[in-house]
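**Student:** Below you'll find the structure I mean.
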Amino acid sequence: MAGATTAERGERQQESSSGPPLVRRLRRLRPRTIIILSLALVCLCAGSLWVLYGSRWTRVERVSVSGAAVLTPAQVRAAAGVRHGTQLISVDTDAVAARLRRELPRIDSVDVVRSWPHGIGLKVVERTPVMVEEKGGKFVEVDAKGVRFATVSRVPKGVPLLELSLSRSSRAAASLRRFGEDRLVREAVAVAGRIPAAVAHETRVVKVRTYDDISLELSGGRTVAWGSSESGRLKARTLTALMKASPGARHFDVRVPTAPASSGS
């Protein structure tokens with residue numbers, strides 16, 4: 001079979017060197033057409049920038065708040081500090097979120113989102129108190145992370161009191177020096193998070209003497225010696241079984257969950 005002629009080979013080389021179809025078509029455009037297309041692209045980019053940064057069409061006209069329960073929407077909007085009339089694209093959402101967490105410690109997390117063309121949305125998640133600490137006749141709320149975040153005039157319903165008895169003995173003072181008050185508060189919170197639901201409803205006080213000496217005061221004068229937060233799940237199961245086995249007992253000890261004890265009647 002005869003091979004390609006010299007002319008055919010030349011045509012193929014010329015075709016391959018001319019590049020992909022799109023490039024070949026662009027090369028065939030007249031200079032005037034290229035200039036018109038370039039100007040159109042520049043106008044499109046300039047128009048987009050003007051719409052985003054200079055137009056009235058994309059300015060902040062409303063700031064919506066969702067998720068607030070204790071805080072009011074007005075409080076959240078005021079702390080956010082987003083001014084009406086600001087170009088939406090210019091709002092620093094990260095800075096707004098940081099400002100909200102700083103100004104309103106009750107906020108655990110917040111999402112700041114742009115809602116085109118005129119809105120900013122603030123999606124708030126508030127901290128929930130798991131216990132309160134009495135301070136000067138008022139009560140400081142503590143969340144599940146051990147963060148003290150708000151002061152209230154009365155104890156929220158169903159929330160136990162945190163009692164730090166850290167300075168009544170040399171052992172307590174040593175524990176405070178070693179772990180620090182914040183760590184001991186987090187230990188108390190960890191214990192509260194493991195208390196069986198039926199017992200949690202009856203818990204009035206979580207008392208911390210040292211890192212490994214945490215106890216519960218229940219309704220009816222009953223007490224539970226819990227110890228540290230370690231082995232919390234096992235202690236919870238043991239306490240539930242112990243209370244069922246000794247319904248008339250007043251004092252329960254699950255510090256060593258493999259060797260629990262109960263006493264009193």
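Nothing in this text is a laboratory measurement; each read-out follows from the coordinates by a stated rule. Everything numeric in this text was worked out from a predicted model, so none of it was measured. So basically every Cβ, Gly included, is an ideal-geometry build from the backbone, and we count neighbours across all protein chains shown.
**Student:** By a straight-distance test (C-alpha under 15 Å), which aspartates and glutamates pair with LYS138 as possible cross-link partners, with residues fewer than eight away in the same chain excluded?
**Tutor:** Answer for LYS138, where 15 Å is the Cα cut-off: GLU163, listed by chain and number.
**Student:** Still on this model: Can you sort GLU217, GLU230, GLU187 by how many other beta carbons sit within 10 Å, fewest first?
**Tutor:** Lowest count first: GLU230, GLU217, GLU187.
**Student:** Could you name the lysines whose alpha carbon sits less than 25 Å from that of LYS123, not counting residues in the same chain fewer than 8 places away?
**Tutor:** Straight-distance partners of LYS123: LYS145.
**Student:** Over the Cα atoms of the range 131-263, what is the Rg over Rh ratio if Rh follows Kirkwood?
**Tutor:** On the Cα set of the range 131-263, Rg over Rh gives 0.96.
**Student:** List the lysines whose Cα lies under 25 Å from the Cα of LYS244, skipping any in the same chain that are fewer than 8 positions away.
**Tutor:** LYS207, LYS235
**Student:** With θ taken as phi - 60° and the coefficients 6.51, -1.76 and 1.60, list the Karplus ³J(HN,Hα) couplings across the range 129-139 in order, rounded to whole Hz; mark glycine and proline as x.
**Tutor:** Running phi through 6.51 cos²θ - 1.76 cosθ + 1.60 with θ = phi - 60° gives x, 10, 6, 10, 10, 6, 9, x, x, 10, 10 Hz.
**Student:** Could you line up ARG148, ARG102, ARG183 from fewest to most neighbouring Cβ atoms inside 10 Å?
**Tutor:** Going from sparsest to densest Cβ surroundings: ARG102, ARG183, ARG148.
**Student:** Measure off 7 Å from each Cα along the Cα-to-Cβ vector at ALA225 and THR128, then give the distance between these two points in nanometres to one decimal.
**Tutor:** Placing both labels 7 Å beyond Cα along the Cβ direction yields 3.3 nm.
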